[in-house]
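Just below is one structure, and these are the notes that go with it.
Read-outs: derived from the displayed coordinates by stated rules, not from any lab. All values derive from a computational prediction rather than experimental measurement. So basically every Cβ, Gly included, is an ideal-geometry build from the backbone, and we count neighbours across all protein chains shown.
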Amino acid sequence: MKAKLKNIPKFDRPREKLAQKGVKALSDLELIAIILGSGVKGKDVFKIAKDIMEAISNDFNNISLDKLKNIEGIGLAKSSQIVGSIELTKRFLLKEGIKIKSPEEVLKLVNELRNKKQEYFITITIDGASGLIKKRIVFIGTLNQSIVHPREIFSAAITDHAAGVIFVHNHPSGFVQPSKEDILITHRLFKVGELVGINVIDHIIISKNDYYSFKEHRILTGSD
């Protein structure tokens, strides 16, 4: 028989505690236990919550469905609930009051890319006051002009009513110098930005320990 929250003495149940004292009165473990709802045979809900808390604490930015599914007592449904809750929280936190005025502020938003084994191309849309609107993963894979479609990139920026957009991609090799392809793609996107009236603010390449800003190196132009 599964160990469920209803089997816990009433004064210790996180749901009742939340109702009586408010969400801020709950510990991290209790919050996770509420999302889980129940444990499994031989492993109660708080034991599973403790294992999840350890996994999240060790690598919050890179927590994934597969990592959670490796925890005993966690299946696809519960893993999805936890990952979904974390992602929703990240999205709302990212939107609230963040100003993007330098490469350093961009790097804080994409720090998870530093250890990726594949290339990720990300767009960050900005409002007229340099406030963050949205961060999107556009695609995963080797950067080339046949994959990076300006139509897809700028249609999202137009939907956001963005004043500007920043491009970020990572170099798993560790070298941040832009390739010829990187430069050609950046010039192409710059030109499209001028046509649709959305300012291309920067294109930043990051590696595990370094970064390269097209804006800082003064090569952010539409010329080939």
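Debye-formula intensities of segment 103-213, expressed as log10 I(q)/I(0) at q = 0.19, 0.23 Å⁻¹, are -0.95, -1.38 (one equal scatterer per alpha-carbon, no solvent). For the chain, the C-alpha radius of gyration divided by 2.2 N^0.38 Å, with N the number of residues, is 1.26.
Given a Förster distance of 45 Å, report the FRET efficiency between LEU184 and LEU76 from their Cβ-Cβ distance, rounded to the nearest 0.05. That gives a FRET efficiency of 0.60.
Once the Cα atoms are used to define both axes, helix 180-196 deviates from the longest principal axis of the chain by about 90 degrees. Dipole of segment 103-213 computed with +1 at Lys/Arg Cβ and -1 at Asp/Glu Cβ about the Cα centre; of PHE154, PHE175, ILE204, farthest Cα towards the positive end is PHE175.
Given charges of +1 on the Cβ of Lys and Arg and -1 on the Cβ of Asp and Glu, with all other atoms neutral, how large is the dipole of segment 5-95 about its Cα centre, in debye to the nearest 20? Don't skip to the answer; put the middle values down first.
On the way: 17 positive and 11 negative charges, 75 e Å.
The dipole of segment 5-95 has a size of about 360 debye.
Only beta bridges with both residues in the chain are counted; by DSSP, about 75 percent of them are antiparallel. Take each peptide in 46-53, 60-67, 199-206, count the other Cβ atoms within 10 Å of every residue, and average; sorted highest first, the result is 199-206, 46-53, 60-67. Site pair PHE60 and ASN111 shows an inter-label distance of 0.9 nm when each label is modelled 7 Å from Cα along Cα→Cβ. The magnitude of the dipole of the chain, with charges of +1 and -1 set on the Cβ of Lys/Arg and Asp/Glu and taken from the Cα centre, is near 1060 debye. Looking at segment 103-213, the DSSP beta bridges with both ends there are about 70 percent antiparallel.
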